[in-house]
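Working notes, beginning with the structure itself.
The values are calculated or read from the model by the stated rules, or taken from the named source; none is laboratory data. No experiment lies behind these values; they were computed from the predicted model shown. Here the Cβ positions follow ideal geometry from the backbone for every residue, glycine too, while neighbour counts run over all protein chains shown.
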């Protein structure tokens, strides 16, 4: 058997085996059903939620799964959009002005060391519970990754030969930027976008979980406190599936971009 | 040369001026929005001082958070090094398990916190476990990568010097993975810290994260900002210490 296919098969059997173990543990009652639902039931519940379109829990303000999904999706998109809109120009600015970059560098690299999430209660204090606070939190998580990777991306473009080629072709400065630096930096820029998007997802869903009234993160939180274990696991599963699918797709594109540059 | 030196001085001054700039903006915000929404820096610092020294409202929560962090991080380091080491040595295992390890990074792990609550209860144990769960992955990934990247030539040199396996580890493997190891340990600490704070914010009976949520409920902005400052200072202190060690290791290696 080929090595890669052997790895693939083992990978999937590890996943299926782990799910099977959880299934058995829950079905045989080693762990109570109110604590751990069987994995098959998680999928079934999730499927039911999608078919009926609603979540059969009382006191839940917005009980449609599509509605909650839509809210989370809009918060993620908005925070990502603004992270790119503001982060990219700042990154380019830092690449252009080296002194400024050196000044800000220690603060940028230690940004993710600080539990930025501690700012969420402060933001809620300013703007109240709602889409604005959550989007802002996602944005705060995402923007620095975009800034750092944009600056590194342009920095790593070959400075000796590429710009000379551009000048010998008598390209204007803006054209050199657009046709030489920009494509050269693309893989790094994409890494920034990938991290930015993933951080947006994490920031948004975590905020929803901690303090909010809508969204997928809130769904997990609510069903936990309402003792609706099945729905809780189903919504957890949904979040994990979404995150893994998006991460997988982004990593593929990234690998393709780096491979295309022949690095 | 003088131009270059003047630029260096400007950079140093700029770095030092950044915190002052933040406090200035904060003061402007206070003047614009008023006491209720954004308390003044001065008042906040007096509340912070009271929390740490005079009245001590911060201290018991700080103690609990530090204990949780210490144990969570300790477990993450021990198990993370072990797993990372095994995965680094065994190529097949690594290629099988790597996608799992990498994907956990992308999942909003807080949403899995109820599982930790089920398993470990509302007390400090669940935060220790959650801090561990956050911190272990970067340690695994960087240890694994470092061992994978040791150049075969080095090991061969060791063999030709007739080093025994123990000596190979001591003289070759350990020194060459040390810088990445330090980075892994630093990132692991950061994530363990975030994990503990998030766990406390989500559901807890004590700790700084819990104090944050409590102050949010009471709309006590001075306390919220004080806690944020304390968290940031702890994170920055540990990180600059780690950066210093990492820089030293790099210099020793001459890279």
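Quick notes on this structure:
- Residue match in segment B:126-140 (condition: more than 8 Å from chain A (Cβ to nearest Cβ), free of Cβ contacts under 8 Å to residues at least 40 places away in the same chain and in a helix (DSSP H, G or I)): no
- Some residue of segment B:80-87 being under 18 Å from the mean Cα position of the chain (by Cα) and either more than 11 Å from chain A (Cβ to nearest Cβ) or not in a helix (DSSP H, G or I) (or both): yes
- Close pairs from segment A:161-174: first at pLDDT 80 or above, partner surrounded by 12 or more Cβ atoms within 10 Å (Cβ to Cβ), Cβ under 8 Å, at least 6 apart: A:165/A:180; A:166/A:175; A:166/A:176; A:166/A:179; A:166/A:180; A:167/A:176; A:171/A:179; A:171/A:180
- Count of segment A:101-131 residues which are facing chain B (nearest Cβ under 8 Å) and either farther than 27 Å from residue B:138 by Cβ or buried (at least 16 other Cβ atoms within 10 Å of the Cβ) (or both): 17
- Scanning segment B:88-101 for residues that are within 13 Å of chain A (Cβ to nearest Cβ), buried (at least 19 other Cβ atoms within 10 Å of the Cβ) and either in contact (Cβ under 8 Å) with a residue 24 or more places away in the chain or farther than 23 Å from residue B:150 by Cβ (or both) returns a single hit, B:94.
- Of the candidates B:244, B:232, B:237, B:211, the single residue that is surrounded by 21 or more Cβ atoms within 10 Å (Cβ to Cβ) and part of a helix (DSSP H, G or I) is B:211.
- Options B:38, B:48, B:69: the member that is touching a residue at least 40 places away in the same chain (Cβ under 8 Å) and either touching a strand residue (DSSP E or B) at 6+ places or on another chain (Cβ under 9 Å) or within 30 Å of residue B:121 (Cα to Cα) (or both): B:69
- From A:64, A:77, residue being in contact with a strand residue (DSSP E or B) (Cβ under 7 Å, 6 or more places away or on another chain) and either more than 14 Å from chain B (Cβ to nearest Cβ) or surrounded by fewer than 24 Cβ atoms within 10 Å (Cβ to Cβ) (or both): A:64
- Hits in segment A:166-209 - residues which are farther than 16 Å from residue A:139 by Cβ and either within 10 Å of chain B (Cβ to nearest Cβ) or in contact with a strand residue (DSSP E or B) (Cβ under 7 Å, 6 or more places away or on another chain) (or both): A:194, A:209
- Segments classed as helices (runs of 4 or more DSSP H), wholly inside segment A:65-139, with at least 3 members that are under 30 Å from residue A:46 (Cα atoms): A:65-96
- If you go through segment B:25-37 and keep only what is touching a helix residue (DSSP H, G or I) at 6+ places or on another chain (Cβ under 9 Å) and at pLDDT 85 or above, you end up with B:26, B:27, B:30.
- Those residues of segment B:182-229 which are in contact with a helix residue (DSSP H, G or I) (Cβ under 7 Å, 6 or more places away or on another chain), more than 9 Å from chain A (Cβ to nearest Cβ) and free of Cβ contacts under 8 Å to residues at least 40 places away in the same chain, in sequence order: none
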